[in-house]
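The values are calculated or read from the model by the stated rules, or taken from the named source; none is laboratory data. All values reported here derive from a predicted model rather than from experimental measurement. Neighbour counts run over all protein chains shown; Cβ positions are idealised from the backbone, glycine included. Accessible surface areas use protein heavy atoms only, side chains included; no ligands, DNA or RNA. Shrake-Rupley method; radii C 1.70, N 1.55, O 1.52, S 1.80 Å.
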Amino acid sequence: MNTFKSTTLAIQHLLAMYAGAILVPLIIGGAIGFNSTQMTYLVAIDIMMCGIATLLQVYSGKFIGIGLPVVLGCTFTAVSPIIAIGTNPEQGITDIYGSIIASGLIVVIIAGFFGKLVKFFPPVVTGSVVSIIGISLLPVALNNMAGGQGAEDFASGSNIALAFITLVIILIVYRFSTGFIRAISILVGLVAGTILGAFMGKVNFDPVAEADVFHMVQPFYFGMPTFDVTAIITMTLVAMVSLVESSGVYFALSDICNKKLDSKDLARGYRSEGLASVIGGIFNAFPYTTFSQNVGLTRMSGVKDRKVIYITGGLLVALGFLPKIAALTTIIPTSVLGAAMLAMFGMVITQGMGMLVPVMNESAENAMIAAIAVSLGVGVSVVPGIFDALPEKVSILTSNGIVCGSVTAIILNILFNMIGPKHKKDPMHGEA
């Protein structure tokens, strides 16, 4: 694949994750009360660190790197705990970054042990996790198609029309083209949708005009880190949860790339995420995890070349230094992004289903595991406050649908498939 094609595909990956990547710093910075200058730095350094984290992960070395075409961004699991630490009168912004650095170091140290847990992630578990991830992300896509939650013109006819026109363009390109053009169908849809959005008055060029041309990053921008024990414990639990989420993405990509993962591969992947969090804490960014929307893009495009992701990581790093160029991606209308997300998240769901169907046909136990795990995971995403009465430390595992469903799948798999005598296949599946 030549450099032009690889770069075009890399831009498509960048656009697929950009909105999600900047959302975390915008939410956290707004909640803590950052001013515009601080917010600009926070978003820029976050984008740069997404690139560094991606490069660490796509690399396949002796100690770090899962070696799969994976893109990393801020984990949404960390948003609430970080805001809680930053707004706590007895803690503060420096405790946030101290806890991120410490939890990252802990992940690096325990990565080898965590990697030995691969036997707890058979297809019935990973398929359930991937399905939950895709289904749980659908509200994000639909809200964006409507113009973005909280927008004054939310669900307006123009937003819905622009979203569906973009989706139709993506589908037409995907259906009637082949090879490279088909592989970049998402990007074609984003460009066409943005052009149409400009004619509809939905493209605002002010962010580009107002952004600086060059931006220099610096370590400990918000002050030297401090280390609060409670904050460290909280962020370490968040890191463990993030590893469970990432495991599902690792296995989804391994299935797409036909690469079998072992405990050493997982350990390198976990170690990379821990190292990325340490570096992120030093430069006042956040913990990082694999972005599942890019899994859908990889599945949809059929391009598995790691060179594409290397370029994506390099572009993200460059954007961290060039906020004016980075601002160009912010002019894409939200409804256009939502249409692209719908296609990509849908592909994640079908990927999970493809992993589940064979194992569910093997036994009724596997079908029950998937049924309960997916239902509970999606249910918590739909009704997020159902477990609010539980202690705060426990609610970290139950307040997030992806995590709750993942833990449920793991526990049920142990109960049905790893403890006690092996069950025979159920008659409903053709065996007595």
Among A78, I109, N159, whose Cα projects farthest towards the positive end of the dipole of the stretch 1-352, with charges put on the beta-carbon of Lys, Arg (+1) and Asp, Glu (-1)?
I109
Between the alpha carbon centres of the stretch 80-105 and the stretch 242-264 the gap in Å comes to 29
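Normalised by the number of residues in the stretch 1-352, what is the relative contact order in percent for Cα pairs under 8 Å and 6+ residues apart? Intermediate results must be reported in sequence, preceding the final value.
Values: 637 pairs, mean separation 139.7, N = 352.
Taking the mean separation of contacting Cα pairs over the length of the stretch 1-352, I get 40 percent.
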Highest-fluctuation residue, I96, I386, I186 considered, GNM on the chain with Cα pairs under 10 Å:
I386
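Just from its helices, what would the mean residue ellipticity at 222 nm be for the chain, if runs of 4 or more DSSP H residues each count -39500 (n - 2.57) and the sum is divided by every residue, rounded to the nearest 500 deg cm²/dmol? Intermediate values should be presented prior to the final figure.
Numbers: 18 runs with 301 residues, N = 432.
It lands at -23500 deg cm²/dmol.
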Please report the orientation-averaged projected area of the stretch 1-352, defined via the convex hull of its C-alpha atoms, in nm².
16.8
Listed peptides 292-299, 340-347 by packing density, highest first (mean Cβ within 10 Å):
292-299, 340-347
Can you pull the accessible area of F113 for me, 1.4 Å probe, Å² to the nearest 10?
130
Say the dipole of the chain comes from +1 at the beta carbon of Lys and Arg and -1 at that of Asp and Glu; which of T408, V203, P333 then lies farthest toward its positive end?
T408
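Rounded to the nearest 20 Debye, what is the dipole magnitude of the chain about its Cα centre when Lys and Arg each give +1 and Asp and Glu each give -1 at the C-beta?
Numbers: 21 positive and 21 negative charges, 298 e Å.
So the dipole magnitude of the chain works out to roughly 1440 debye.
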Using only the Cα atoms of the stretch 73-213, construct the convex hull and provide its projected area averaged over every direction, in square nanometres to one decimal.
14.6
Please check: in the Gaussian network model of the chain (C-alpha springs, under 10 Å), which one of F286, F121, F154 has the largest mean-square fluctuation.
F154
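Tell me the volume per residue, in Å³, of the convex hull enclosing the alpha carbons of the stretch 1-155.
Working: hull volume 27.7 nm³, N = 155.
So the per-residue hull volume is 179 Å³.
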Can you figure out the FRET efficiency of V217 with E90, using R₀ = 35 Å and their beta-carbon distance, to the nearest 0.05?
0.75
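Residues of the chain: accessible area per residue at 1.4 Å, in Å²?
Working: 17930 Å² over 432 residues.
With the other protein chains kept in place, the chain gives 42 Å² per residue.
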GluC sites (Glu not before Pro), loop per DSSP, at most 13 other Cβ atoms within 10 Å - longest free stretch of the chain:
153-430
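Could you work out the Rg to Rh ratio of the stretch 246-379, with Rh taken as the Kirkwood radius (inverse of the mean 1/r over all Cα pairs)? Before the final figure, lay out the partial values.
Working: Rg = 17.7 Å, Rh = 17.5 Å.
Reported Rg/Rh (Cα atoms, Kirkwood Rh): 1.01.
Carbon and sulfur together cover what percent of the accessible area of the stretch 83-167 at a 1.4 Å probe radius?
It is 68 percent, rounded to a whole number.
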Please find the FRET efficiency linking R182 to A364, where r is the Cβ-Cβ separation and R0 is fixed at 35 Å, and quote it to the nearest 0.05.
0.35
Measure out, as a whole number of angstrom, how far apart the alpha-carbon centroids of the stretch 1-32 and the stretch 354-375 sit.
33
Connecting every pair of Cα atoms under 10 Å apart in the chain and solving the GNM, the largest mean-square fluctuation among I233, I82, I170 falls on I233
